[in-house]
Amino acid sequence: MRLIDLSLSASDEDRGAFLSELCESLEIDHACYALQDPFSGNVHGYATYPEEWKQLYGQRAYQHVDPTFTKAVRSVAPVDWSRFTSDSGFDTVFSAARDFGISSQGLSVPVRGPFGDIGLLTVTRDCGEREWQGLRRKIIGGLQSAAVNFHDSVMRSNTIAGLMRVPPLSSRECEILQWIAAGKSQQDVGDILSISPRTVEVHLRSAREKLGALTTPQAVGRAVRLALISPG
Amino acid sequence: MIVIIDALNKHEHPDLVRGMHRLRARVFRDRLGWDVTVTDGEEHDLFDNLDPAYLVSVTPDGDVVGCMRILQTTGPHMMADVFAPLLDGEPPLRSARLWEATRFCVDTAELTDRRGPRSISQVTGELMIGACEYAMESGITDAVAVIDPLMHRILKRSGNGPSGYLGSPRQMGKVVAMAVLLDCTEERVRNIRQCTGITGDVFRPEPVAIAQVAGRAGAPRPALTIADAGLPASHAA
């Protein structure tokens, strides 16, 4: 999945482009991200929805009754909107959404950050039930990663703590990045450290995400720049 | 049967939620001797206020015999806080695709008493299958879990050992606690099913199977535990 790099001082345009690209690469119709900033209380929102729908949504204050937002933010796992079919708020919002060509078939992916901050990425796709099930299974991992990536980007730009923060990598994560920088494969690193390649991958994934990197080489580059590891 | 309870459906399962907190009191305070807070026979902590997801293993009679609590590692979770000593002071893993499983327990006393020790691995297997399937459905690839040596043994004996270890085991209460990694994969689910003989959907068991288990008093052992035979006879916990 090719995505716009949001890790360094992303603008609102970058974030909008990120969502459009997410739709493109994951075969979804619309994507929307909302965050309630725990420090300022402000809600930050980005969406690929038509402007008219965004306006109507705000005017009618649907964010207070829309369960794909109000209820889904309290879930740990992504929430398929089929869970809301008997919810009156859902009916209200999505019967209105239909006039804008927006499907009531979708998924909300909640993100929790370290400061009690909660974000939510929602996506919709108008297609048959079966196709939706298959698509959901295929894209769910990418959506989880994209949701946290997006959330972290917004949080970093909204808090001084975020801007100043050096990612807290563990010694194990640094050690693994150091071996990767030295040209070792994941299998090699597992052998050297006497851990399974799967465990190497878990640490690497965590290190990548902490560094806001989309790829392992990018993570190595950032770790070198932050002096967390030495050049290979 | 496994029931997933989260902030969205918690109000629909008050009895199961109470049963789970009571089970946790019996296991973590009484058996393991952890320093946990028990009020009115129920164990609760601060993380229960953060809208976690719970997997609860329920008998056909409605008794809670196993449970597990799930939190995202991107937000507040136990490895970043109370279990930090298990990581030797290192920062915890944090990933969109890594969940944390805590308060993972099975009612060993009750199960040993009523249905023989082999049921312990059945309940553990059912919980692990449920957790793996729930995780995979949610785009999660791995989980970090805090377990005690008994649970560690049960997992290893049922073809379900950790895929990795984090930090160092530490004494907590009467026993040692350890942080392990568990991959959430079809392969793990297959292994557990093979070792425990659990074949059906753990979330929606077939009515026949329920009837068989329900009639367990004095009746022949239900068919769904046949493959227990694959387990060592010394599997007493």
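The values are calculated or read from the model by the stated rules, or taken from the named source; none is laboratory data. Note that the structure is predicted; figures quoted are calculated from it, not measured. Neighbour counts run over all protein chains shown; Cβ positions are idealised from the backbone, glycine included. Only protein heavy atoms, including side chains, enter the accessible area calculation; ligands, DNA and RNA are left aside. Shrake-Rupley method; radii C 1.70, N 1.55, O 1.52, S 1.80 Å.
Output yes when any residue across region B:84-94 is within 10 Å of chain A (Cβ to nearest Cβ), assigned to a strand (DSSP E or B) and either open to solvent by less than 30 Å² (accessible area, probe 1.4 Å) or at pLDDT 95 or above (or both), and no when none is. Within region B:84-94, not a single residue is within 10 Å of chain A (Cβ to nearest Cβ), assigned to a strand (DSSP E or B) and either open to solvent by less than 30 Å² (accessible area, probe 1.4 Å) or at pLDDT 95 or above (or both). Name the single residue, out of those in region A:104-128 being in contact (Cβ under 8 Å) with a residue 12 or more places away in the chain, of a type outside the set (A, V, I, L, M, F, W, C) and not in a strand (DSSP E or B), that is farthest from B:Thr73 (Cα to Cα). That would be A:Asp126.
Residue-by-condition table, conditions (1) closer than 26 Å to A:Ser25 by Cα; (2) touching a strand residue (DSSP E or B) at 6+ places or on another chain (Cβ under 7 Å); (3) more than 14 Å from chain B (Cβ to nearest Cβ):
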position: A:Ser75; (1), (2), (3): yes, yes, no
position: A:Trp81; (1), (2), (3): yes, yes, no
position: A:Phe84; (1), (2), (3): no, no, no
position: A:Val93; (1), (2), (3): no, no, yes
position: A:Gly106; (1), (2), (3): yes, yes, yes
position: A:Leu121; (1), (2), (3): yes, yes, no
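Return a yes/no flag: does region B:5-24 have any residue that is in contact with a His (Cβ under 7 Å, 6 or more places away or on another chain), within 14 Å of chain A (Cβ to nearest Cβ) and on the phi < 0 side of the Ramachandran plot.
Yes - at least one qualifying residue is present in region B:5-24.
Of the set (1) more than 24 Å from A:Glu131 (Cα to Cα); (2) of a type in the set (Ser, Thr, Tyr); (3) modelled with pLDDT of 80 or more, all apply to A:Ser40 but (3). Here is a list of conditions, (1) out of contact with any Asp or Glu (no Cβ under 8 Å at 6 or more places or on another chain); (2) open to solvent by 20 Å² or more (accessible area, probe 1.4 Å); (3) more than 30 Å from B:Met68 (Cβ to Cβ); (4) at pLDDT below 90, and A:Ile4 meets all of them except one; can you say which number that is? Going through the list (1) out of contact with any Asp or Glu (no Cβ under 8 Å at 6 or more places or on another chain); (2) open to solvent by 20 Å² or more (accessible area, probe 1.4 Å); (3) more than 30 Å from B:Met68 (Cβ to Cβ); (4) at pLDDT below 90, A:Ile4 breaks only (1). For region B:56-64, the criterion of being part of a loop (DSSP other than H, G, I, E, B) and open to solvent by less than 20 Å² (accessible area, probe 1.4 Å) is satisfied by at least one residue. Can you say whether B:Arg31 is more than 11 Å from chain A (Cβ to nearest Cβ) and either within 18 Å of the chain's Cα centre (by Cα) or under 22 Å from B:Gly139 (Cα atoms) (or both), as far as the supplied structure shows? In short, yes. Among the residues of region B:2-18, are any touching a helix residue (DSSP H, G or I) at 6+ places or on another chain (Cβ under 9 Å), acidic (Asp, Glu) and over 30 Å from A:Gly142 (Cβ atoms)? Taking every residue of region B:2-18 in turn, none turns out to be touching a helix residue (DSSP H, G or I) at 6+ places or on another chain (Cβ under 9 Å), acidic (Asp, Glu) and over 30 Å from A:Gly142 (Cβ atoms). Here's a check for you: in region B:132-179, which residue that is more than 10 Å from every other protein chain (Cβ to nearest Cβ) and within 17 Å of B:His77 (Cα to Cα) is surrounded by the fewest Cβ atoms within 10 Å (Cβ to Cβ)? My answer is B:Ala177. Please work out if A:Leu135 is within 11 Å of chain B (Cβ to nearest Cβ) and under 26 Å from A:Thr215 (Cβ atoms). Taking the combined requirement at face value, the residue does not satisfy it. Among the residues of region B:65-83 satisfying the criterion of being touching a Phe, Trp or Tyr at 6+ places or on another chain (Cβ under 9 Å) and hydrophobic (A, V, I, L, M, F, W, C), which is surrounded by the fewest Cβ atoms within 10 Å (Cβ to Cβ)? This residue is B:Val82. The one condition from (1) open to solvent by less than 40 Å² (accessible area, probe 1.4 Å); (2) modelled with pLDDT under 90 that B:Met128 does not meet is (2).
The number of residues in region A:189-232 that are of a type in the set (Lys, Arg) and within 11 Å of another protein chain (Cβ to nearest Cβ) comes to 4. Residues that are outside any helix (DSSP H, G or I) and of a type in the set (Gly, Ala, Ser) within region A:63-95 comprise A:Ser75, A:Ala77, A:Ser86, listed in sequence order. Total residues in region B:116-148 satisfying the condition of being of a type outside the set (Ser, Thr, Tyr), within 14 Å of the chain's Cα centre (by Cα) and part of a helix (DSSP H, G or I): the figure is 13.
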